[in-house]
Amino acid sequence: MRRITMLTAIALSGAVITTACTTDPYTGQRRINNTAIGAIGGALGGYLLGDLVGGRGDRTEKILGAGIGAIAGGAVGAYMDRQEADLRRQTAGTGVDVIRQGDDLILRMPSNVTFAVDRYDIQPEFRATLDGVAQTLGSYNQTYIDVLGHTDSDGSDAYNQTLSERRAGAVADYLSMRGVARARMGVRGYGETAPIASNATAEGKAQNRRVEIKVVPVTQPGGY
């Protein structure tokens, strides 16, 4: 039932996106404007636009304790614009989608470029892409990073949950080894519970098998 509800919400939000996108004059990329963001936030019930893994409170304390500063409210948009442009350059032609939603970024990485079927070790050919992503995330360290794992509906719920957690953990571990501070990262597996396409087709299942990196600015108190 939850999967059906999610797919219905996505279909509704797709109609909003079609009529509420703008083109960035600098990058040429299509992005969702504020009208669409509000509609999607309601439709998806906070999945992509929701709060961070583990909430902001404890994580903000850890980040500030690690010597990472917060961004003043008025500077957030420009900071995330620059980071978005750099991430798009780093991932161009790799199969990774960079999605802008308000001041948040989502990097969507399909499993066909990250993991072999039923595996959670990162494929060697994808490591160069993750190296570039890690470099950019390290350069823009005033952000929270959530690494989120997802699967298709094949297999048991328990198996898929574990696989999604291990895949998300593998990406987080790799980023950490490349210099991204662990204090910034949260990791969560969703198993098969948050599809972005129908699990009735092979193409849809391939889209659902993915890892996403959510990048959210660390703002000064009262700035979010």
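Checking every one of the trypsin sites (Lys or Arg not before Pro) in segment 133-184 against DSSP loop status and a limit of 16 other Cβ atoms within 10 Å picks out 178. Residue 203 sits among other residues whose Cβ lies under 15 Å from its own Cβ, and their net charge, with Lys and Arg +1 and Asp and Glu -1, is +1. Pairs of Cα atoms in segment 96-146 fall into 10 Å distance bins, from 0 up to the last occupied one, in shares of 21, 49, 26, 3 percent. Placing pseudo-labels 7 Å out from each Cα toward the beta carbon at residue 97 and residue 58 gives an inter-label distance of 3.2 nm.
Scalar couplings 3J(HN,Hα) for segment 53-69, obtained by applying the Karplus form with A = 6.51, B = -1.76, C = 1.60 to θ = phi - 60°, are 4, x, x, 8, x, 5, 5, 5, 4, 5, 5, 5, x, 7, x, 9, x Hz; x denotes Gly and Pro. Computed over the alpha-carbon pairs of segment 53-217, the distance histogram in 10 Å steps reads 11, 40, 35, 13, 1 percent, short to long. Across all C-alpha atoms in segment 44-133, the radius of gyration and Dmax reach 15.6, 44 Å. Were the residues from residue 89 through residue 203 laid out at 0.36 nm apart, the gain over their Cα-Cα distance would be 38.4 nm. Distance between the 7 Å Cα→Cβ label points at residue 123 and residue 156: 2.8 nm.
Throughout, read-outs are computed from the coordinates displayed, never taken from laboratory work. Not measured: the values here are computed from a predicted model. Every residue, glycine as well, gets a Cβ built from its backbone with ideal geometry; the counts of neighbours run over all protein chains shown.
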